[in-house]
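Note sheet for the following structure.
Any read-out appearing in this document is the output of simple, stated calculations on the displayed coordinates, not a laboratory observation. On a predicted model such as this, the values are computed, not experimentally measured, just so you know. Cβ: placed from backbone, ideal geometry, glycine included. Neighbour counts: every protein chain shown.
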Amino acid sequence: MYQLCRKINLLLLAVVLMPTALQAAVLEDFYRVDAGGGTEQTRDQALTEAFELMLVRQVGSAAAESQALAAARQDPKAYMRRIAGTESGGVSVEFESTALRSLLVSAGLPMLGPNRPTVMLWAVESRVLGTDHLSHGSEWITVLNDAARRRAVALSLPLADLEDRSLVAVDNVSQANGDILKQASKRYDASAVLALTIEGEADAAVLSWHWWLNDQADSGQITAQSAAAAADELMLAVADRVFEQYAVAPSDTAEGSDWEVVVDGINSVDEFAGLQRTLQQLGSKNAPQVLSVQGDQVRLALDFPGTEAQLERLLALDQRMRRMSAPKAELADVVQPVITETAEESGDADLNATTGESETESLPEPLPPQNRMYFRWR
């Protein structure tokens with residue numbers, strides 16, 4: 001027992017001392033919002049804008065207008081950890097995640113934390129000499145990346161090297177060939193695919209987009225007075241569609257909240273740290289608790305306010321975790337029902353034995369323990 005506790009303590013210490021690595025589907029600046037900067041905007045107005053942006057990130061644009069949040073809007077500073085000024089005259093606000101979660105749980109609103117599916121963007125732009133792939137040095141790339149950060153979208157861009165260009169032609173993007181774009185995106189382990197065609201000048205651009213995520217497909221067209229406004233509208237639409245599939249209802253309306261996650265293949269401190277970060281970003285109120293470490297297997301207790309399907313989908317955002325079936329040894333440990341015989345049944349059994357007849361009763365298949373999920377780290 002002492003050696004187990006010492007091993008766990010050493011692993012946790014290593015996680016604390018290790019620099020945090022950015023993972024594609026985890027937005028590290030999720031709780032930090034930059035807002036304001038307008039010449040006629042007061043500091044309080046900038047703080048209110050930051051609070052509204054934070055709410056939309058976590059509950060989606062539709063639920064952000066809920067009357068259940070009206071009281072919180074009167075005092076947004078209660079949910080802010082740190083406030084700083086920016087060079088443009090705006091504010092940079094870091095929000096308190098625990099306070100926000102308590103607010104949304106009490107309001108009964110589904111929410112989504114920093115774990116987001118990676119969105120692979122394939123974009124083309126109509127130019128004087130024809131339509132071509134959007135280059136990495138394009139002003140549109142900067143505008144789209146800024147809008148993605150603002151709306152908490154895990155946007156990713158292809159390398160645009162020879163392999164990408166051989167797989168994805170300009171027409172594949174402009175004509176929204178989903179099969180080709182999804183196949184090319186597998187190179188980057190992206191969960192979602194966004195095809196974008198940009199036409200016109202920046203101040204009167206038309207953005208035509210197509211979207212694929214899991215079994216969902218959608219499309220639309222955006223016209224705005226500026227490139228920034230068009231990009232923001234696009235990323236808000238993307239964020240809302242991600243929210244539709246991944247948002248988790250508060251624990252009092254979900255099927256359960258106590259889960260045990262068993263992960264095989266954890267062979268180093270780096271891998272353990274990666275697992276810890278993945279579980280910590282699920283939006284749970286309490287931090288994951290290590291139950292045991294045996295060889296390369298780690299068991300953790302997790303407080304997750306959602307269903308098994310929701311938890312599996314969120315964990316699948318980390319490409320290193322692969323769902324496994326419960327081991328047979330674990331199924332064998334499930335307690336079977338005890339069958340007792342009445343006197344009459346005992347007499348019938350003696351009679352059957354005398355007459356040479358036998359009666360067999362099939363028992364139900366053993367089930368894995370409830371709320372326990374198995375994964376392999378790869």
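Here are a few things to note about the model shown:
- Proximal charge balance of Met321 [Cβ under 9 Å; K/R count +1, D/E count -1]: +4
- Summing Lys and Arg as +1 and Asp and Glu as -1 over all other residues whose Cβ lies under 14 Å from the Cβ of Gln225 gives a net charge of -4.
- Put the Cα centre of region 183-259 next to the Cα centre of region 282-316 and the gap is 27 Å.
- Check: region 135-264 dipole with +1 on Lys, Arg Cβ and -1 on Asp, Glu Cβ, in debye: 320
- Protection proxy ranking, peptides 191-199, 269-277, average beta carbon neighbours within 10 Å, highest first: 191-199, 269-277
- Working from the Cα coordinates of region 31-107, the gyration tensor eigenvalues give, after taking √(5λ), semi-axes of 21, 13, 10 Å in decreasing order.
- Close amide H contacts of Ala190 (hydrogens built in the peptide plane, cut-off under 5 Å, sequence separation of 5 or more or a different chain): none are found.
- Hz values of 3J(HN,Hα) by residue in region 308-324 - Karplus curve (6.51, -1.76, 1.60), Gly and Pro given as x: 5, 5, 5, 5, 5, 5, 5, 5, 5, 5, 8, 4, 7, 9, 10, 5, 10
- In sequence order, calculated HN-Hα J values of region 110-127 (Karplus, 6.51, -1.76, 1.60; Hz; x Gly/Pro): x, 9, 9, x, x, 6, 9, x, 5, 10, 8, 9, 10, 10, 10, 10, 7, 10
- Mean-position separation - Cα centroids, region 73-102 and region 110-164, in angstrom: 28
- Residues Ala229 and Ser88, FRET efficiency given R0 of 22 Å [Cβ-Cβ distance, rounded to 0.05]: 0.80
- Modelled FRET efficiency - R0 41 Å, Arg378 with Asp171, Cβ distances, 0.05 increments: 0.70
- Estimated vicinal HN-Hα couplings, Hz - region 261-278 in sequence order (Karplus 6.51, -1.76, 1.60; Gly, Pro = x): 10, 10, 10, 9, x, 8, 10, 8, 5, 4, 5, 5, 5, x, 5, 4, 5, 4
- Net length available on complete extension from Val269 to Glu28 is 84.7 nm, with 0.36 nm assigned per residue and the Cα-Cα distance removed.
- The listed peptides 288-295, 370-377, ordered by packing as a protection proxy, come out as 370-377, 288-295 (highest mean of other Cβ atoms within 10 Å first).
- Stretch gain in nm, segment Ala217-Ala204, where the contour uses 0.36 nm per residue and the Cα spacing is subtracted: 2.0 nm
- Relative packing of 309-320, 73-84, which averages over residues the other C-beta atoms within 10 Å, highest first: 309-320, 73-84
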